[in-house]
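Below: the structure, in structure tokens.
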Amino acid sequence: MTSERDHRIDFFRGLALIFIFWDHVPHNPLGQITLRNLGFSDAAEIFVFLAGVAAVMAYGKILKRDGYLIACLKILRRTWVLYVVHIFLLAMLMGIVFFANSHVETRDLVEEMGLHHFITNPQQALTDELLLRFKPNLMDPLPLYIVLLAGLPLVLPLLVRAPWAVVAVSTAVYLLAPPLGWNLAAIKDGVWYFNPVTWQLLFVLGGATAIIGQRPRAPDTRSLLRQPLFMAAAVYVLLAGVITLLWRWPQIHDALVPAWLSNLLYPISKTDLSPVRLVHFLALAYVTAKLLPGSAWTQNWLAQQSCRMGRYSLEIFCLGVLLAPLADMINAMTGDAFAMQIFTALVGVGLMALLGAWLDLNKRLTAPVATHSAAPAQRLPS
């Protein structure tokens with residue numbers, strides 16, 4: 001990593017947004033090739049980790065250039081924007097789900113999306129919405145990001161100066177949270193599906209990566225096969241992939257996976273970011289970074305579409321959340337036909353890519369034009 005923009009971050013953030021959209025459409029065949037079916041972690045880990053990387057890279061520069069107060073104000077201003085977007089997105093999502101449910105007779109989309117709380121107790125639901133306690137399905141990642149970004153001013157100065165100390169404290173909180181039951185409250189005496197007290201570790205690790213990655217270090221000239229850490233990470237990723245694939249056949253899984261290993265692995269909690277999920281993502285990220293050390297491969301046309309979506313991750317995420325119930329509605333109306341499921345999945349990604357292209361074009365059109373000194377114009381004759 002350097003001080004310049006790393007297009008790999010944009011690419012994998014865009015890829016995570018595609019995976020999130022596909023995973024949010026029930027019975028989507030393309031959801032079978034997303035990360036959650038190839039290992040213990042999924043696109044949520046990519047989203048949170050890269051959010052930490054991008055946030056610390058951006059606001060760390062502001063901290064050094066303009067000071068702590070300005071950095072805090074800009075972080076809190078961004079947090080407020082995310083909060084307003086969340087409220088607006090939730091209102092839009094409920095409208096789309098109610099519309100879709102009126103056109104689908106075979107399933108209750110309102111129940112599937114977790115919106116019955118709004119129907120049975122709308123006044124309390126509105127209050128819970130403002131307090132980030134009411135989060136229907138598909139809406140969990142954004143409130144998590146809001147809370148994590150709001151807490152960034154508390155650790156940013158120390159993270160810039162002593163990242164390992166922040167990682168140590170963050171790890172201690174992560175380990176203490178599950179046994180002590182630390183989580184934020186949600187509706188019906190529940191808790192947040194993405195527990196911010198545990199997921200903060202991934203956000204902090206992303207920020208630490210942004211800081212440590214910019215420090216000069218001697219390159220490792222050994223081949224990858226002779227690097228123990230790479231080999232250990234690669235073996236773990238492969239084993240996790242095999243075990244995940246075996247979940248499709250429970251009898252084969254139970255026959256091949258020893259009981260002691262099952263007791264060690266399960267249950268794999270997404271709420272508390274189970275250690276096997278965390279280690280899997282970190283191993284996968286390390287292997288990917290080693291196999292793709294440069295960003296030249298991101299310059300081809302297809303990769304550029306993902307990079308563009310990653311640059312406008314908030315807008316693309318919101319569009320994906322709104323498109324998922326519409327795609328589900330169309331699929332249900334056609335009896336979940338395989339061809340239609342593929343069609344809606346690809347059209348959804350195409351619309352996300354189009355939005356990214358439009359936002360990129362709009363940014364160029366509104367960018368200030370550089371002025372150059374020119375010779376004075378000749379005086380026209382009267």
Residue hits (the stretch 315-346; over 21 Å from N137 (Cβ atoms) and surrounded by 15 or more Cβ atoms within 10 Å (Cβ to Cβ)) are M340, F343
Filtering the stretch 267-314 down to residues that are open to solvent by less than 70 Å² (accessible area, probe 1.4 Å) and not in a helix (DSSP H, G or I) yields I268, S269, K270, T271, D272, L273, S274, L292, G294, S295, Y312
L109 in contact with a Pro (Cβ under 7 Å, 6 or more places away or on another chain), modelled with pLDDT under 90, open to solvent by less than 70 Å² (accessible area, probe 1.4 Å) and over 20 Å from P153 (Cα atoms): yes
From the option list V110, V147, V104, single residue qualifying as farther than 20 Å from I316 by Cβ, β-branched (V, I, T) and part of a loop (DSSP other than H, G, I, E, B) is V104
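Step by step: first the residues of the stretch 1-60, then only those that are assigned to a loop (DSSP other than H, G, I, E, B) and of a type in the set (S, T, Y), then the one that is nearest to R215 (Cα to Cα). Which residue is that? Break it down stepwise before answering.
Step one: of the stretch 1-60, the residues assigned to a loop (DSSP other than H, G, I, E, B) are 1-6, 25-28, 34, 38-42.
Now narrow it down to the ones that are of a type in the set (S, T, Y): 2-3, 34, 41.
Details: T2: 9, S3: 10, T34: 33, S41: 28 Å.
So the residue we want is T2.
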Name the pairs whose Cβ atoms lie under 6 Å apart, with the first residue in the stretch 262-286 and farther than 13 Å from I46 by Cβ, the second in a loop (DSSP other than H, G, I, E, B) and among the small types (G, A, S), and 6 or more positions between them or separate chains? I268/S274
Starting from the stretch 80-93, keep only residues that are without any contact (Cβ under 8 Å) to a residue 60 or more places away in the chain, then list their pairs with residues that are of a type outside the set (F, W, Y) and part of a helix (DSSP H, G or I) whose Cβ atoms are within a distance under 7 Å, requiring at least 6 positions of separation or different chains. I87/E129; L90/E129
Given (1) over 30 Å from I330 (Cβ atoms); (2) assigned to a helix (DSSP H, G or I); (3) open to solvent by less than 40 Å² (accessible area, probe 1.4 Å), identify the lone condition not met by L132. (2)
Only one of (1) surrounded by 20 or more Cβ atoms within 10 Å (Cβ to Cβ); (2) closer than 18 Å to L50 by Cβ; (3) touching a Ser or Thr at 6+ places or on another chain (Cβ under 9 Å) fails for I211. Which number is that? (3)
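The values are calculated or read from the model by the stated rules, or taken from the named source; none is laboratory data. Because the structure is a prediction, the values reported are computed rather than measured. Methodologically, a virtual Cβ is constructed for each residue, glycine included, from the backbone with ideal geometry; neighbour enumeration extends over all protein chains shown. What goes into the accessible areas is simple: the full protein's heavy atoms, side chains included, and nothing from ligands, DNA or RNA. Shrake-Rupley method; radii C 1.70, N 1.55, O 1.52, S 1.80 Å.
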